[in-house]
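Every read-out reported here was derived from the displayed coordinates using simple, explicitly stated rules and does not represent laboratory data. These figures come from a predicted structure and were not determined experimentally. Don't worry about glycine lacking a Cβ; one is built from the backbone with ideal geometry, like all the others, and counts go over all protein chains shown.
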Amino acid sequence: HVAWSPSGHTLASCAADRAIRLWAEDGDRAWACVAILTDGHQRTVRRVSWAPCGSLLASCSFDGTAMIWRCEDGVFDCLASLEGHDNEVKAVAWSPSGSFVATCGRDKSVWVWEAEDEAYEVAAVLHSHGADVKDIVWHPTDDVLASASYDDSLKIITQDGDDWRCAATLLGHASTVWGLAFSADGAHIVSCSDDRSVVLWA
């Protein structure tokens, strides 16, 4: 997986070698690896996601953890390890406000973590899906989360006071939903599935 930093000046990549690589453009319009983070995960790193501030990077792994990395003066250090999933963590994503990090996994759960200063506390654990949760994405402007699963469904997760709940279930695929994305204005969701279809939700 690869992810651009909010500024567009840095690219983060991750792979089965358990490493996270940071790439930046040099003076000749060529991109070079400027950092390799190898002291975090113990298995394949599945996904990376930048915080809106651009100085924090989240990663998740088949080792069952997600990690928060902080960059100061070009040096990345592990700020926190988010532990709670029973096994493989499939995706991690920052909310647009930067106040929350969401993770999902093979254990059929979606976790929402609240970021306060340099601490990350569990805000909610949702078991709305009946199978492996493959992907999660945040609404581009609101603290609303969408998830996709092996149970052929999408879930819309919203905050209700201090709690988080599944506000809607979207059914339309006949097989695993592999990925999903909000439109730039947040009015639509598009999803793709193992049933070879792409569905646009309004």
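Under the criterion of Cα pairs below 8 Å and six or more residues apart, the relative contact order for the chain equals 10 percent. Per-residue Karplus couplings for the stretch 168-181, computed as 6.51 cos²θ - 1.76 cosθ + 1.60 with θ equal to phi - 60°, are listed in order as 7, 10, 9, 10, x, 9, 9, 7, 3, 8, 7, x, 7, 7 Hz, Gly and Pro entered as x. The mean sequence distance of close C-alpha pairs (under 8 Å, at least 6 residues apart), as a share of the length of the stretch 50-131, puts its relative contact order at 22 percent. A simple rule links phi to the HN-Hα coupling: the Karplus curve 6.51 cos²θ - 1.76 cosθ + 1.60 with θ = phi - 60°, which for the stretch 66-74 gives 10, 10, 10, 10, 10, 9, 10, 6, x Hz, with x for Gly and Pro. Run the Debye formula on the Cα coordinates of the stretch 87-202, all scatterers equal and no solvent, and tell me log10 I(q)/I(0) at q = 0.19, 0.24 1/Å. Normalising to I(0) and taking log10 leaves -0.95, -1.45.
Here the Gaussian network model covers the chain, with springs between Cα atoms less than 10 Å apart; of Arg18, Arg165, Arg29, Arg29 fluctuates the most. A simple count of charges around Val89, restricted to other residues whose Cβ falls under 15 Å of its Cβ and scoring Lys, Arg +1 and Asp, Glu -1, yields +1. At full extension, Ala202 and Val125 could sit 25.1 nm farther apart than now, given 0.36 nm per residue minus the alpha carbon distance.
Normalising by residue count, the stretch 43-153 has a Cα convex hull of 90 Å³ per residue.
For the stretch 1-115, calculate the relative contact order in percent as a whole number, restricting contacts to Cα pairs under 8 Å that are 6 or more residues apart. After rounding, I find 17 percent.
Per residue, the convex hull spanned by the Cα atoms of the stretch 1-54 measures out at 78 cubic angstrom.
Average projection, convex hull of the Cα set of the stretch 118-163: 4.1 square nanometres. The amide H of Ala19, built 1.01 Å from its N in the peptide plane, has Val45 as neighbours under 5 Å, considering only residues 5 or more places off or on other chains. Which shape class, rounded, prolate or oblate, goes with the stretch 60-100 when its Cα gyration tensor gives a ≥ b ≥ c as root eigenvalues, a/c under 1.5 marks rounded, and past that a/b bigger than b/c marks prolate? Because a/c hits 1.5 or more and a/b fails to exceed b/c, the stretch 60-100 counts as oblate. Under 11 Å from a point 7 Å along the Cα-to-Cβ line of Ser13: which residues of the stretch 29-45 have their amide N that close? Label zone hits: 31-34.
So I have (1) 40; (2) 24; (3) 34, and one of them is percent of Cα pairs over 28 Å apart calculated from this model. Which one is it? The value computed from this structure is option (2).
Derived value for the stretch 92-152: Kirkwood hydrodynamic radius 11.7 Å. Basis is the mean of 1/r over every pair of different alpha-carbon atoms.
Take the Cα of Asp163, go 7 Å toward its beta carbon, and the backbone nitrogen atoms of the stretch 91-115 under 16 Å from that spot belong to 112.
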